[in-house]
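Each remark here refers to the structure printed beneath this line.
Read-outs throughout are calculated quantities, based only on the coordinates presented, and are distinct from any laboratory measurement. None of these values were measured; they are calculated from a predicted model. Glycine gets a Cβ as well: all are built from the backbone with ideal geometry, and neighbour counts include every protein chain shown.
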Amino acid sequence: MRIRPVDPRDMTWEQDHAVYRVYFWDTASTHSHEYQVSEADIDEVLAWTRREAESHGWSYTVYAQVGDDGQPGLVRLCGVMGDPFAA
């Protein structure tokens, strides 16, 4: 982990209401289950995600959805890196 001080004035925008994507990985059947979550903060999203994953025996990845300019993207916040089913 790398930690360094920053100047908060170097950012050009910020968004208070995030949209999340949660991907559950069902490795027993090689299927994934994807959800978009909004109107929640990250603590709520993680609590729901962990409950769902535990109840089904799935692993997961949680992303923040960014770039609402016609080219949306995902930033991984926690969980499995990449698609566990990729060759």
Along the range 73-78, Karplus-curve 3J(HN,Hα) (6.51, -1.76, 1.60; θ = phi - 60°) to the nearest Hz, with x for Gly and Pro, reads x, 10, 10, 5, 9, 6
Simple SL model, points at 7 angstrom along Cα→Cβ for residue 17 and residue 51; separation in nm is 2.3
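Which FRET efficiency value, to the nearest 0.05, is calculated for residue 86 and residue 66 with the Förster distance at 25 angstrom and r the Cβ-Cβ distance? Let's see the in-between values first.
Numbers: r = 22 Å, r/R0 = 0.88.
My answer for the efficiency is 0.70.
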Given 37 °C, 0.692 mPa s and a Kirkwood radius over Cα pairs, the Stokes-Einstein diffusion coefficient of the chain in µm²/s is 224
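So how strong a dipole does the range 18-79 carry about its Cα centre when Lys and Arg Cβ are +1 and Asp and Glu Cβ are -1, to the nearest 20 debye? It would help to have the intermediate numbers written out before the result.
On the way: 4 positive and 10 negative charges, 49 e Å.
For this selection, approximately 240 debye.
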The farthest towards the positive end of the charge dipole of the range 18-79, of the residues 65, 77, 40, given +1 on Cβ of Lys and Arg and -1 on Cβ of Asp and Glu, is 77
So the angle from the long Cα axis of helix 42-56 to the longest Cα principal axis of the chain, reported in degrees to the nearest 10, equals 10
The alpha-carbon center of the range 47-63 and that of the range 65-82 are separated, in whole Å, by 18
